[in-house]
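Participant: Have a look at the structure that comes next, please.
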Amino acid sequence: MTSQSASAATERGADPFLVVEDLTVRFPTEDGLVTAVSGLSYSVGMGQTLGIVGESGSGKSVSSMAILGLHDAKTARITGSIRVEGTEIIGLAEPRLRKLRGNSVAMIFQDALAALHPFYKVGAQLAEAYRVHHPSASKRDARRKAIEMLDRVGIPQPDARVDDFPHQFSGGMRQRAMIAMGLINDPSLIIADEPTTALDVTVQAQILDLLQDLQREFNSAVIIITHDLGVIAEMADDVLVMYAGRAVEYGQCKELLTHPEMPYTWGLLSSVPDVTADTDARLIPIPGNPPSLLSPPTGCAFHPRCVHSDKVPGDLCATTLPELTPGVRGVGHLKRCHLANADDIYQAEVLPEIAPELVEES
Amino acid sequence: MSDVNLDKSPDQEPVVSDGGELADPVPARAHLTFAEMAAQGHLPMKLDPDAEPVIEIDNLKMYFPVKSSGLLRRTIGHVQAVDGISFSVPKGGALGLVGESGCGKSTTGRLITRLYTPTAGSMMFEGQDLAQLSPRELKPMRRHVQMIFQDPYTSLNPRHTVGTIVGAPLSVHKVVPKNQIIPKVQEILEVVGLNPEHYNRYPNEFSGGQRQRIGIARALTLNPKLLVADEPVSALDVSIQAQVINLLQDLQREFDIAFLFIAHDLAIVRHFCPEVAVMYLGKIVEIADRETIYGHAHHPYTQALLSAVPDVRQAAVGGRRERIRLEGDVPSPINPPSGCRFRTRCSLAQEICAKVEPPLLQIGSRHKVACHFAGELGAHPARPVTAGLLGVDDQGSPKPGETPQHFNLGPTFEKSWYDIGLQHMVSA
């Protein structure tokens, strides 16, 4: 990997590899302007993993597609700043973007069957991704590289399978082939959009192991988008919780999942059962449905579904949008909520219901 | 099944035009406090060990023929999707069926609802064998066994109104007179938490969670005794999953419905089902109550599945959990491995596993396992525990003069079982 020394240098430098600042993405539609993402800021350093959690329509995928410049420049209205290795992405010309895509920034999509072209052999698709960014490479070199990558992601008999079509692969193998395609140019930033959602748990474990091994080997920055908090807990260094296009909680993985301070995060934790939980733990859903982004609720977007807004004085939740500010547990943990003593409420009220066995410890 | 009924439904409700504006999908609700919400949340269901079985499945098989290409289309093999499974679902209880994709769990669900006709085996339901009934004899039985489908976007006919969809089973089975179908539909919509006035809307006007509620309402109209739920929540958003699971638990308690709950999410199955069966390549490899499966699994496949589940609690420790890595993919069910089907991916596999198929042996009061080396994780025996029972030596070759013992392979749990530690039969 050629950029390894360079990336080590950036790590030591002040600016992380990816910096997103005040990103807002709007799409005009027939029904009005949809604000898919608003005021989003985060950063990912080399060798770091950021987990983005949220429901469908919360803006997780839209924000990461903006990093690759995948939105239609004619219609999508993007403001703010996205810097990859110091280069500003927003407003970058298409030829420069194309150089970036698949080279230093790669994306792994959720549905491998839809993301791979059904008429081309897997090997040919991998080789194409390589040759686009290595114009001097011969077809034979590209093919050798494709076989090497298939072997690297653990596909058996890669020299024979390289000539298979995507439909001849199993679901897990297709996902591996996609990862191989994403990594063929040694990208410094990998965006994995729900990489394991359609897979069985055993295959999911294999894919997550693979992602982690590869990250360790190439020291890449990884953004993993998922709605599975278990995957986040095991993979991420930092976690960003999104709701209705906004970041509602942002912090270190351990800190955020053991001391969450935003009722939406509590709701996510309480509505998913756990394989190791006490059998006295309750399953408490979040009432209602995610809001429409055409006309988001006033104030805090979560307030119509929030069961803790009665603890905030007055109509604050319905009238004023809370800022993303540090919570009671330090500056590294940001939350967008009016609750003053969120951690106390979580420990005293929420935890006994969802994980009674953890209460004594904490 | 109701889908089939829908298409056959001769009389459709005249579509009443709504006229009004599309309501916001978020219903205006009185603000709940957390304490109220928590009280509505549900504890996992408890096992009733004395409940009578509502359905008993015995040695059920489903082989799909594989045809050759060309003019003759000869049968050149069979996909052994379900190969000799036995279990029972207790009245008002819930049995979870878990396994990787392609292990035959959905086929099992479709066999019980008789969307497929089984190749062999019996399904005893209220003294009748569902596997043997003709379509005419089956029709009255369909009232009692209904199904909830996985994908709420494809399992509802987009050109029918909710009233037609939910009311179709009522008119097919002539449960209520035609003019009372709409009031009955509205009643059921209210039970599943939908606005009864929305009966003349189309499925596209509802969100995913609401559509799944419509699917549940359709399955409920005939007051079934057994509901086959095939991945009922896997297509829904996380926050909506819990709502639907809680609804299913409410309905189960209220109407005393037994569930066959098919899912690949082990955590949801743990919450919903007091009993769980683990399938691998068309066979049940382990079946036991919740505490045994999740706490003391004896089959290496169950142990591998459980160790693969990502755990939120891991955040407190950091890094990944130690897990059993299963190499490779599930073998083809057209030509499954000899002996134990899991042996190609099993770390414990020895010669006996390739020669002799392990029986689904009862080793506890509510625990059956199909493994020659059954034992808790890290404490698997060195010698096959089944060799003495099957009349073979430790390598799996038949021992001259020894006859295999006879033991219970039926759908229910017996009062006496084979203790693998003591190596003989014990009873409760």
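Quick note: the coordinates plus some simple rules give every number you see, no bench work behind them. Model, not experiment: these values are computed from the prediction. Please note: Cβ atoms are built from the backbone with ideal geometry, for glycine as well, and neighbour counts cover all protein chains shown.
Participant: Give me the dipole magnitude in Debye, nearest 20, for the range B:2-280 about the Cα centre, with unit charges on the beta carbon: positive for Lys and Arg, negative for Asp and Glu. Don't skip to the end; give the middle numbers.
Facilitator: Numbers: 26 positive and 31 negative charges, 207 e Å.
With Lys and Arg at +1 and Asp and Glu at -1, about 1000 debye.
Participant: Let me ask something additional. Along the charge dipole of the protein assembly as shown, Cβ charges K/R +1 and D/E -1, which of B:274, A:91, A:138 sits furthest on the positive end?
Facilitator: Selected residue: A:138.
Participant: Find, to one decimal place in angstroms, the Kirkwood hydrodynamic radius of chain A, where the mean of 1/r is taken over every pair of different Cα atoms and then inverted. If you can, show how the numbers build up before the last one.
Facilitator: Details: mean 1/r = 0.0459 Å⁻¹.
After inverting the mean inverse Cα-Cα distance, the result is 21.8 Å.
Participant: Rounded to the nearest 500, what is the protein assembly as shown's calculated 222 nm mean residue ellipticity when only DSSP H runs of at least 4 contribute -39500 (n - 2.57) each, over all residues?
Facilitator: Working: 28 runs with 236 residues, N = 790.
Dividing the helical sum by the residues of the protein assembly as shown leaves -8000 deg cm²/dmol.
Participant: Next question. Could you compute Rg(Cα) / (2.2 N^0.38 Å) for the range A:259-358, with N its residue count?
Facilitator: On the way: Rg = 14.2 Å, N = 100, 2.2 N^0.38 = 12.7 Å.
Ratio of Rg to 2.2 N^0.38 Å for the range A:259-358: 1.12.
Participant: Among A:283, B:365, B:79, pick out the residue whose Cα is farthest towards the positive end of the charge dipole of the protein assembly as shown, where Lys and Arg carry +1 and Asp and Glu carry -1 on C-beta, about the Cα centre.
Facilitator: B:79
Participant: Still on this model: Order of A:180-189, A:324-333 by packing, highest average Cβ count within 10 Å first? Please report the intermediate quantities before stating the final value.
Facilitator: Working: A:180-189: 24.0, A:324-333: 14.7.
Going by the mean number of other Cβ atoms within 10 Å, highest first, we get A:180-189, A:324-333.
Participant: Moving on to the next point. Ranked highest first by average number of other Cβ atoms within 10 Å, how do B:231-237, B:70-76, B:393-399 line up?
Facilitator: Working: B:231-237: 21.4, B:70-76: 9.1, B:393-399: 14.7.
Output ranking for B:231-237, B:70-76, B:393-399: B:231-237, B:393-399, B:70-76.
Participant: Label 7 Å along Cα→Cβ of residue B:116; the range B:325-348 residues with amide nitrogen under 16 Å?
Facilitator: Taking a point 7 Å out along Cα→Cβ of residue B:116, the residues of the range B:325-348 whose backbone N falls under 16 Å are B:332-336.
Participant: Where does each of A:119-130, B:90-101, B:401-412 land if you order them by average Cβ count within 10 Å, highest first?
Facilitator: On the way: A:119-130: 20.0, B:90-101: 22.8, B:401-412: 13.3.
The most tightly packed comes first, giving B:90-101, A:119-130, B:401-412.
Participant: Modelled label-to-label distance, residue B:46 and residue B:190, 7 Å Cα→beta-carbon offset: nm?
Facilitator: 3.1
Participant: Listed here are the pairs B:67/B:368; B:67/B:355; B:184/B:225; which of them are more than 25 Å apart at the Cα? Write out the running numbers ahead of the final one.
Facilitator: Details: B:67/B:368 36 Å; B:67/B:355 29 Å; B:184/B:225 19 Å.
Among B:67/B:368; B:67/B:355; B:184/B:225, the Cα-Cα distance tops 25 Å for B:67/B:368; B:67/B:355.
Participant: Output the 0 to 90 degree angle, nearest 10, between the alpha-carbon long axis of helix B:238-255 and the longest principal axis computed from the alpha carbons of chain B.
Facilitator: Around 90 degrees separate the two axes.
Participant: Right, something else. Compute the helix-to-body angle for B:181-191: its Cα long axis versus the longest principal axis of chain B, expressed 0 to 90° and rounded to tens.
Facilitator: So the helix axis and the longest Cα principal axis differ by about 60 degrees.
Participant: To the nearest 20 Debye, how big is the dipole of the protein assembly as shown about its Cα centre, given +1 on the beta carbon of each Lys and Arg and -1 on that of each Asp and Glu? If you can, show how the numbers build up before the last one.
Facilitator: Details: 72 positive and 92 negative charges, 526 e Å.
The dipole magnitude comes to about 2520 debye.
Participant: At R0 = 35 Å, how high is the FRET efficiency between residue B:128 and residue B:253 if r is their beta carbon distance? Nearest 0.05 is fine. Don't jump to the answer; show the numbers that get you there.
Facilitator: Details: r = 27 Å, r/R0 = 0.77.
Computed FRET efficiency for residue B:128 and residue B:253: 0.85.
Participant: Could you list log10 I(q)/I(0) for the range B:186-264 at q = 0.15, 0.17, 0.26 Å⁻¹, which the Debye formula gives when each Cα is one point scatterer?
Facilitator: Summing over Cα pairs of the range B:186-264 leads to -0.50, -0.65, -1.44.
Participant: As an exercise, use a Förster radius of 35 Å and the Cβ-Cβ distance of residue B:427 and residue B:59 to find the FRET efficiency, rounded to the nearest 0.05.
Facilitator: Working: r = 25 Å, r/R0 = 0.70.
After rounding to 0.05, the efficiency reads 0.90.
Participant: Which FRET efficiency value, to the nearest 0.05, is calculated for residue A:119 and residue B:327 with the Förster distance at 35 angstrom and r the Cβ-Cβ distance? All intermediate terms of the calculation are to be shown ahead of the outcome.
Facilitator: On the way: r = 31 Å, r/R0 = 0.89.
Computed FRET efficiency for residue A:119 and residue B:327: 0.65.
Participant: Kindly state, as a whole number, the per residue volume in cubic angstrom of the convex hull around the alpha carbon atoms of the range B:2-280.
Facilitator: Values: hull volume 44.8 nm³, N = 279.
Dividing the Cα hull volume of the range B:2-280 by its residues yields 161 Å³.
Participant: Report, in order of residue number, the helices in chain A meeting two criteria: a C-alpha extent of 15 Å or more along the helix axis, and a mean Kyte-Doolittle hydropathy of at least -0.5; treat each whole DSSP H run as one helix. List each step's numbers first, then the result.
Facilitator: Numbers: long enough: A:122-133 (18 Å, 0.10); A:139-152 (19 Å, -1.61); A:171-183 (18 Å, 0.30); A:201-218 (25 Å, 0.17).
What comes out of the filter, once short or polar helices are dropped, is A:122-133, A:171-183, A:201-218.
Participant: About the Cα centre, and with charges only on the beta carbon of Lys, Arg (+1) and Asp, Glu (-1), how big is the dipole of the range A:87-184? Nearest 20 debye, please.
Facilitator: Working: 15 positive and 10 negative charges, 48 e Å.
The calculation lands at about 220 debye.
Participant: Taking the Cα atoms of the protein assembly as shown, report the difference between the largest and smallest coordinate on each principal axis, in whole Å and largest first.
Facilitator: 79, 68, 66
Participant: Could I ask something else about it? If a paramagnetic tag sat 7 Å from the Cα of residue A:170 along the Cα-Cβ line, which residues of the range B:74-107 would have the backbone N under 16 Å from that point?
Facilitator: Correct set: B:80-81, B:99-105.
Participant: On a 0 to 90° scale, report how tilted helix B:208-220 is relative to the longest principal axis of chain B, with both axes built from alpha carbons and the result rounded to the nearest 10.
Facilitator: Result, in degrees: 80.
Participant: Specify the inter-centroid distance of the range A:219-273 and the range B:213-289, based on alpha-carbon positions, in whole Å.
Facilitator: Between the Cα centres of the range A:219-273 and the range B:213-289 lies a distance of 27 Å.
Participant: Give me a single rounded figure for A:348-357: the average over its residues of other chain Cβ atoms within 10 Å of their Cβ. List each step's numbers first, then the result.
Facilitator: Working: counts 0, 4, 2, 0, 1, 6, 2, 2, 0, 1.
Counting Cβ atoms of other protein chains within 10 Å of each residue's Cβ and averaging gives 2.
Participant: Roughly speaking, what is the stretch gain from residue A:216 to residue A:136, that is 0.36 nm per residue apart minus the C-alpha to C-alpha distance, in nm to one decimal?
Facilitator: Details: separation 80, 0.36 × 80 = 28.80 nm, distance 2.88 nm.
Once the chain is fully extended between residue A:216 and residue A:136, it gains 25.9 nm.
Participant: Okay, next question. Could you give the nm distance between label points at residue B:393 and residue B:416, where each point is 7 Å from its Cα heading toward the beta carbon?
Facilitator: Rounded to a tenth, the inter-label distance reads 3.0 nm.
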